[in-house]
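Here the structure comes first, spelled out in structure tokens, and everything after it is commentary.
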Amino acid sequence: MARILIVPMEADRRVSVHALAMDLATLLHAETTIAVSGPIVRPAFDASRRQYHSGAMLAMLLEYFSGTDGRILGITSHDLFLPVLTFVFGQAQLGNRGALFSTHRLRNEFYGMPRSDDQLYQRTVKEAMHELGHTYGLRHCLDAPCAMNASTYVEDIDLKPMHFCPACAEVVAAG
């Protein structure tokens with residue numbers, strides 16, 4: 001059975017990490033655990049952009065948990081970026097064990113809309129599934145009803161399901 005360690009990295013308190021762990025366990029048929037502590041992420045902060053470098057945070061996450069088995073999923077409330085992109089919802093190692101995502105741009109309030117904890121949670125699960133899908137070696141899927149469908153905008157996340165299409169699910173089941 002696959003194992004996933006979920007690491008809150010200054011995560012949004014509005015998102016239940018315990019509920020996320022249970023949902024991921026069900027969706028991925030995996031054993032999930034939640035880390036008690038994680039790395040200090042302040043060194044990944046870029047003052048000129050007022051964002052956190054997702055690659056640096058992912059590297060810190062993997063170094064901090066270098067002795068553990070299974071996949072590692074970091075969750076943060078910080079706004080993430082890569083140098084070539086204005087922002088990213090998350091980042092993962094393709095076909096490897098590390099993934100990270102942020103709830104910062106998943107919140108309705110970021111877009112001037114009314115707060116919705118339910119919608120925030122739904123988006124959180126979808127992003128967690130998407131980033132973890134990359135760790136199984138999945139690339140972006142062209143099948144719209146698939147968690148691996150690319151998301152450039154939060155509306156894209158809203159349109160896709162929490163689960164993988166049959167082809168992507170087969171890859172995850174094998175890995």
The lone condition GLU63 fails out of (1) out of contact with any strand residue (DSSP E or B) (no Cβ under 9 Å at 6 or more places or on another chain); (2) acidic (Asp, Glu); (3) under 21 Å from LEU20 (Cα atoms) is (3)
Requiring at least 3 residues that are closer than 18 Å to ASP12 by Cβ, the helices (runs of 4 or more DSSP H) wholly within the range 85-175 are 117-135, 154-159
Per the filter on the range 130-150, residues out of contact with any helix residue (DSSP H, G or I) (no Cβ under 9 Å at 6 or more places or on another chain) and buried (at least 22 other Cβ atoms within 10 Å of the Cβ) are GLU131, THR135
Here the residues within the range 41-64 that are closer than 27 Å to GLN122 by Cα and in a loop (DSSP other than H, G, I, E, B) are VAL41, ARG50
Subset of the range 65-84, residues of a type outside the set (S, T, N, Q), in contact (Cβ under 8 Å) with a residue 40 or more places away in the chain and part of a strand (DSSP E or B), comes to ARG71, ILE72, LEU73, GLY74, ILE75
Open item on the list: Please determine whether any residue of the range 76-84 is under 20 Å from HIS29 (Cβ atoms) and of a type in the set (Ser, Thr, Tyr).
Closed with: no
Screening GLY38, GLY95, GLY67 for residues that are at pLDDT below 95, surrounded by fewer than 16 Cβ atoms within 10 Å (Cβ to Cβ), farther than 20 Å from PHE164 by Cβ and of a type outside the set (Lys, Arg) leaves only GLY67
Checked pairs for the range 20-41, first more than 21 Å from ASP117 (Cβ to Cβ), second of a type in the set (Phe, Trp, Tyr) and in a helix (DSSP H, G or I), C-beta under 7 Å and 6 or more apart or across chains, list as GLY38/TYR64; PRO39/TYR64
Scanning the range 10-32 residue by residue, the ones that are exposed (fewer than 15 other Cβ atoms within 10 Å of the Cβ) and in a strand (DSSP E or B) total 1
### Query
Any chance the range 100-116 includes a residue that's in contact with a Pro (Cβ under 7 Å, 6 or more places away or on another chain), under 20 Å from LEU132 (Cα atoms) and either surrounded by 21 or more Cβ atoms within 10 Å (Cβ to Cβ) or not β-branched (Val, Ile, Thr) (or both)?
no
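The values are calculated or read from the model by the stated rules, or taken from the named source; none is laboratory data. Treat the numbers as computed from the prediction; the structure is a model and nothing was measured. Virtual Cβ from ideal backbone geometry, glycine too; neighbours counted across all protein chains shown.
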